[in-house]
Amino acid sequence: MSTNALESEITELWNRYQTDDVDESTVSEDELASLGAFLDALEAGDVRAAEPRGGEWQVNAWVKQGILLTFGLHETRVREYGDVAYNDVLPLAQTADFGDRGSRNTPDGTVVRRGARVGSNCILMSPSFVNIGAHVGDGALVDSCDTVGSCAQIGENAKLGANTLIGGVLEPVENAPVIVEDGVSLGAGCRVTSGFVVGENSVVGENTLLTPRIPVYDLVEEEVLYGELPPERRAFTRFVESSIGDHDLFEGGAYKPAVVATALEDRTLERSEREEVLRDQ
């Protein structure tokens, strides 16, 4: 099925779902087959929740509608994963072909949900979780205790340090998901949420929180940004004086978190490139 035909069917089904004309008890086998083809297209990377067009990221709202339809039109039932029974509307993704494209996922806890895309030459370390609609680009590393939320877009050769959370953004359907562009390196314990865009080839220090509610002080262009980190930056958390700093309850002043972004130094790149050794282990 072509992408245009798939989009047309998903959009029509979504409109019927919104008017209560179809639910899990009345959905037809043909309509479920269309949702199955939609999930296959997500896993193949043929459709994405967001993609770059004209130098900017654009949301494909119909893709997010298809994911919501997948939840709304399938019944929850008992499924098996190894020796464990679990309850969900969908099975997990089939990962038997990972090896054919040079990707590997270590045992006992690398969970890829149906409808998630994992590219070629990727590494998924256990435990980690990749949710429906997420797109993990070729050569990416998803380290231990990482979560890649629904619809998140992870670029090629990106590195997610251990215990990193990439938040999911599924509703409203027009809202952009989290974007981690090509070549980004996120240190251990980072959190990226609420549609934040991490620019390509940036290096982010450990335990940094990137969210549109926290300002990014870009010292390269000398401006304050919200919701994005420009490409080729070195970013880390610092604390700046809060507007309530003079309140009597705060002895010594009050401060709020901020992100400081500087030029990407050569030695920063050298340190991040050392992680390539993981691919030989």
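The values are calculated or read from the model by the stated rules, or taken from the named source; none is laboratory data. What you are looking at is a predicted structure, and each value in this text was computed from that prediction instead of being measured. Ideal geometry is used to build each Cβ from the backbone, glycine not excepted, and the neighbour counts take in all protein chains shown. Just the protein is used for accessible areas: all its heavy atoms, side chains included, with ligands, DNA and RNA removed. Shrake-Rupley method; radii C 1.70, N 1.55, O 1.52, S 1.80 Å.
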Between the alpha-carbon centers of the range 38-63 and the range 74-153, tell me the distance in whole angstrom.
18 Å
Using the Kirkwood radius over C-alpha pairs as Rh, can you work out the diffusion coefficient of the range 16-84 via Stokes-Einstein at 25 °C, viscosity 0.890 mPa s, in µm² per second?
176 µm²/s
Probe 1.4 Å, protein heavy atoms only - accessible area per residue of the chain in square angstrom
50 Å²
Largest first and rounded to whole Å, the semi-axes √(5λ) derived from the alpha carbon gyration tensor of the range 81-149 read 18, 13, 12
Go through S243, S120, S103 and list them by solvent-accessible area, largest first, probe radius 1.4 Å.
S243, S120, S103
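Round to the nearest 0.05 the FRET efficiency obtained for A258 and N15 when R0 = 25 Å and r is the Cβ-Cβ distance.
Calculated transfer efficiency: 0.05.
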Approximate spin-label separation L90-E241, in nm, with each point projected 7 Å along Cα-to-Cβ:
4.9 nm
Mind jotting down a quarter of the surface of the convex hull over the alpha carbons of the chain, in square nanometres, one decimal?
18.6 nm²
For the range 40-176, what value does the Rg/Rh ratio take when both radii are computed over Cα atoms and Rh is the Kirkwood radius, given to two decimals?
0.95
Viscosity 1.306 mPa s, temperature 10 °C: what is the translational diffusion coefficient of the range 139-209 from Stokes-Einstein with a Kirkwood Rh over Cα pairs, rounded to a whole number of µm²/s?
137 µm²/s
Take every Cα-Cα pair in the range 122-240 and report what % of them are more than 19 Å apart.
38 percent
Between exposed chymotrypsin sites (Phe, Trp or Tyr not before Pro) in the chain, where DSSP calls loop and at most 12 other Cβ atoms lie within 10 Å, what's the longest gap?
1-225
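With the full set of protein chains in place, find how many percent of the accessible area of the chain is carbon and sulfur; take the probe as 1.4 Å.
Working: 6430 of 14130 Å².
Using a 1.4 Å probe with all protein chains present, the chain comes out at 46 percent carbon and sulfur.
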Which value at 222 nm does the chain reach when only helices count, each DSSP H run of 4 or more adding -39,500 (n - 2.57), with the total divided by all residues and rounded to the nearest 500 deg cm²/dmol?
-6000 deg cm²/dmol
